[in-house]
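The values are calculated or read from the model by the stated rules, or taken from the named source; none is laboratory data. Quantities reported herein were computed from a predicted structural model and do not represent experimental measurements. Neighbour counts run over all protein chains shown; Cβ positions are idealised from the backbone, glycine included. SASA here: full protein model, heavy atoms, side chains in, ligands and nucleic acids out. Shrake-Rupley method; radii C 1.70, N 1.55, O 1.52, S 1.80 Å.
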Amino acid sequence: MSSSVDHQNNFNLLRLLAAVAVLFSHGSYLYHLQMPIPFMGHSLGSAAVCVFFVISGYLIAQSWERSVGWLDFAAKRVGRIYPGLICVTVFSIAVIGALMTTWPQTAYWASPVTWSNFLNNAAGLATVQVLPGVFENNPFARAVNGSLWTIRYELAMYLLLALVSLTLIRWWRWAYVAMALTLVSIWLLATGLDWPDAPAAASQWFKELWSLRQFTSLGVYFFVGSAWARARWRVHWWHGLLGAVALVAARWSTDFLWVQTGVWIGLSCLSMYLAFAGAACIRGRPRADLSYGTYIYAFPIQQGVTQISLVQGWSLEVCVALSLVLTLVLAALSWFCIEKPALEWMRTWLSRRKEIASNRLVNSGDMTSS
């Protein structure tokens, strides 16, 4: 099974299923503070996030190879992440927050917390999760969009991949593999020696922003995907088998180190196998990438629907089903009205930029020859 980015894979479907898995996992927790835990220390939602990072590592490594320099690469990443992120932040504040707040509208909009929430989340930091008077009586009180915390780690992986690519990958093919192994080693040392997630002397904002274990654990998935893309490894049936066996072992293990190892191997291998498995006629579907919109809109929708469901006495099943429908509608609007146009605009801008640079080179060459 050859790797490709031209719709000859199941990446869109896998990412959409992962986003829906996060929604189901959060649905149970937001409703009655219970969450499905398939592996020790890993909820269904966190496992789905790991799948995102494997796929992201694969695709971002390919994006780097196609980019003309770091500025081209950075522009593509900004164009993919920020238009949708800014829109969901506005939606969370101006629609969900404004409708659900118990504060008077004048006080809600005048509060510094409202604007701090906007600036913090629109920037991709996601450390300010509250809005004045919003969701204060929900089971998981006050959190407006608890899914956005992964965005800062995603952005950090882009930066780390760019640094590794600029300094190492040109002359060392296995740099991404080495990066994944380095992150594994740091995670094992931090866990085995009980290191703090952030230095004790670090500022509070830094401690809220970064977790050493989260960074290294998610980084392993990301750079395994990147290494797979860089080495152009072909996917075989035994990758799927290895992934399934590793996850079964992780499911039944009582040793957290072995669980983490099994989940790293299992989710990475199974994600890559499923990305290229199946008949050719089903690959590349759906063409629309609704996964990002589903992921970023699900949490505020679920918090709002949960609040209404608990007041009306609706069951968890009704709450989750209604949340899923509303989220998919918003994800489709986000893709077709925001994300896709932004990507097309960015491609056009980069193409024009390259054309202008090429014309300048031609003109300077003509002047030199004359």
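Counted over segment 1-116 with a bin width of 5 Å, the fraction of Cα pairs per bin, in whole percents, is 2, 9, 12, 14, 16, 15, 14, 10, 6, 3, 1, 0. Separation of segment 35-71 from segment 130-209 is 12 Å, based on Cα centroids.
Counting only protein heavy atoms and a probe of 1.4 Å, the accessible surface of segment 156-286 is 70% carbon and sulfur.
Computing Rg and Dmax of the Cα atoms in Å for the structure here picks out one of (1) 20.4, 58; (2) 21.9, 83; (3) 19.5, 60, namely (2). Inter-label distance, residue 142 to residue 241: 5.3 nm, where each label sits 7 Å from its Cα along the C-beta direction. Considering only 85, 41, 193, and ranking their Cα positions along the charge dipole of the chain that arises from unit charges at the beta-carbon of Lys, Arg, Asp and Glu, the one farthest toward the positive end is 85.
Legend: helices of the chain (whole DSSP H runs) are marked when their alpha-carbon atoms reach 20 angstrom or more along the helix axis and their mean Kyte-Doolittle hydropathy is at least -0.5; marked are 11-32, 44-66, 70-91, 149-164, 175-192, 212-231, 237-252, 256-276, 291-312, 316-333. Solvent exposure of the chain, expressed per residue, is 48 Å² of accessible area, with all protein chains present and a 1.4 angstrom probe. Computed from the C-beta positions of residue 257 and residue 234 and an R0 of 25 Å, the FRET efficiency is 0.25 to the nearest 0.05.
The candidates 255, 289, arranged from most to least accessible area with a 1.4 Å probe in the full protein assembly, appear as 255, 289. Of the residues 134, 51, 318, which exhibits the maximal mean-square fluctuation in a Gaussian network model of the chain defined by a 10 Å Cα contact cut-off? Looking only at 134, 51, 318, the biggest GNM fluctuation is shown by 318. Toward the positive end of the charge dipole of segment 124-207, with +1 on the Cβ of Lys and Arg and -1 on the Cβ of Asp and Glu, the farthest Cα among 204, 148, 128 is that of 148. Taking Cα centroids, how far is segment 305-324 from segment 249-292 in Å? Value for the Cα centre distance between the two parts: 30 Å. Of the accessible area of segment 10-85, computed with a 1.4 Å probe over protein heavy atoms only, carbon and sulfur atoms account for 71 percent.
Straight Cα distances below 28 angstrom link residue 76 to the lysines 340, 354, with same-chain residues fewer than 8 positions distant left out. Pairs of alpha carbons in segment 134-263 separated by more than 22 Å make up 53% of all such pairs. Placing pseudo-labels 7 Å out from each Cα toward the beta carbon at residue 285 and residue 188 gives an inter-label distance of 4.4 nm. Spin-label model, residue 174/residue 98: points 7 Å from Cα along the beta carbon direction are separated by 5.7 nm. In a reduced charge model with +1 at each Lys and Arg Cβ and -1 at each Asp and Glu Cβ, the chain shows a dipole moment near 940 debye about its Cα centre. So the label point goes 7 Å from the Cα of residue 159 along Cα→C-beta, right? Which residues of segment 188-214 then have their backbone N under 18 Å from it? Answer for segment 188-214: 198-199, 202-214.
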